[in-house]
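Scroll down for the structure; my scribbles are underneath it.
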Amino acid sequence: MLPDPPFTPDTLAARWGCSSETIRQMINRGELQAFRLGRLYRIPNHIVEAYECQNSKSDACAEVAPSLGTKTENASVISLSHVTSRKRKQKP
């Protein structure tokens, strides 16, 4: 059985619901490990799974990574927040 092929920035962006440019920026900042084939980036499956595990809350990852959410009065409820608006850079 062959291992799954690594992700491209486009396929990973589709999985995460963001742009491929966001994935490339994460790689350039060192937030996401990747390797290059010529000029093309490839992200191994185990790197993607580890990143998702560190940045999300699931039963499979509970022992590996702490939750990034904040606890509320009910310990079984975790509230995650996402900022949808960004400041635009002003052109000179």
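The values are calculated or read from the model by the stated rules, or taken from the named source; none is laboratory data. Predicted model, so just to flag it, every value in this text is computed and none were measured. When we count neighbours, we look across all protein chains shown, and the Cβ atoms used for this are built from the backbone with ideal geometry, even at glycine.
So, of the residues in the stretch 2-36 that are more than 13 Å from the chain's Cα centre (by Cα) and closer than 19 Å to Cys53 by Cβ, which turns out to be surrounded by the fewest Cβ atoms within 10 Å (Cβ to Cβ)?
The selected residue is Pro3.
State all residues of the stretch 40-77 that are assigned to a loop (DSSP other than H, G, I, E, B) and at pLDDT 90 or above; if no residue qualifies, say none. First the steps, then the outcome.
Restricting attention to the stretch 40-77, the residues satisfying the condition of being assigned to a loop (DSSP other than H, G, I, E, B) are 44, 55-69, 72-77.
Once the filter is applied, which keeps residues that are assigned to a loop (DSSP other than H, G, I, E, B) and at pLDDT 90 or above, the stretch 40-77 yields only Pro44.
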